[in-house]
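Notes follow the structure.
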Amino acid sequence: MEDAAEALKMFFAVFVFALALTVFFRMTTLAKDTADMVFTAIDKTTYINYNADTNEGANRKVKFQDIIPTIYRYAEEGYGVTIIDDENIVARFDLDTESQVSSCLWDEYREIRASQEQITKSNNIKKQISTYLNDKIIKKVNSLGNHMNELNVNTDTNFSDLNSLIKRIYATGQGGQHQKDSVYTSWLTSNTYQNNNIAQRVNCDMYGGETNFSLRNPGVNEGDPNYIAGKHKAVINGHGLLNTYKDATFTECIVQIDRNEYIKDDDEQETDLLVYGTIRYTKKRELIYIKN
């Protein structure tokens, strides 16, 4: 009888111990989940609204402050960043596009002075830029419910939509009598401090105004008329992105593409399209931000 009582006591003790152990692990799990929720809630990089996108990845809501580091790293990471507002492209940061822009003719004065070969090459590149923006940016944005107009690529000479877009986002802020709305990506020219100039260009677009890019020779005094190698005027009519969108929220959409599409035509032949840098046959990301 005493052995049975002792056995019952041992069984009850084991039962209580197992119950306590279960409760302990359960409370530990709840504490961890609660801590994760608290840290997630106070993390400024957390995106509150999340919408699944079964095609290319995920769409999420972000504040403009969350986009700033992405813009500053576009050249280093090799991706493209496009900002959409009111169904228009208001800014684009992409080395591929920028290297192409410098190879094209964007004003009538330069076009009149160019050879037919230069004009043909310029028009071919413009057509490729338009096709790429239509297929990889505008159509993707429209698939999310927007109504952006596609750039006209039906002819080899009519690029008025693209010209207007490029002049808005890559304007130099200068131009003589025959060079109104000059376009040139001066931060990529060979005679300038290219690495520093990309950050300088982003600063200009971010904070507004205009900026000058200096010559490679550090001994040139700023007062020297040869000091300036090029200029750039900030987007949004010179007001800059930060001042315009500091309180705005955006939908972020990521598109994965093959970089071959920059340099191959429908027959898999290389086009006149120029690709910046040495990495040509790799995957690339396009990050699109649509203002809500």
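Points to keep in mind about this one:
- Of all residues in segment 108-166 being among the aromatic types (F, W, Y) and over 19 Å from the mean Cα position of the chain (by Cα), the one that is least open to solvent (accessible area, probe 1.4 Å): F159
- Matching residues in segment 96-110 - criterion: being under 18 Å from R285 (Cα atoms), touching a strand residue (DSSP E or B) at 6+ places or on another chain (Cβ under 8 Å) and not charged (D, E, K, R): T97
- Output for segment 109-128, where each listed residue is assigned to a helix (DSSP H, G or I) and free of Cβ contacts under 8 Å to residues at least 60 places away in the same chain: E111, I112, R113, Q116, E117, Q118, I119, T120, S122, N123, K126, K127
- Where helices (runs of 4 or more DSSP H) sit wholly within segment 55-105, those with at least 3 residues that are open to solvent by 20 Å² or more (accessible area, probe 1.4 Å) occupy 64-72, 74-77.
- Subset of segment 18-59 [modelled with pLDDT of 75 or more and under 30 Å from G145 (Cα atoms)]: N59
The values are calculated or read from the model by the stated rules, or taken from the named source; none is laboratory data. Just so you know, these numbers come straight off a predicted model, no measurement behind them. Virtual Cβ from ideal backbone geometry, glycine too; neighbours counted across all protein chains shown. Ligands, DNA and RNA are stripped out before the accessible areas are found, and what is left, the full protein with its side chains, is counted by its heavy atoms. Shrake-Rupley method; radii C 1.70, N 1.55, O 1.52, S 1.80 Å.
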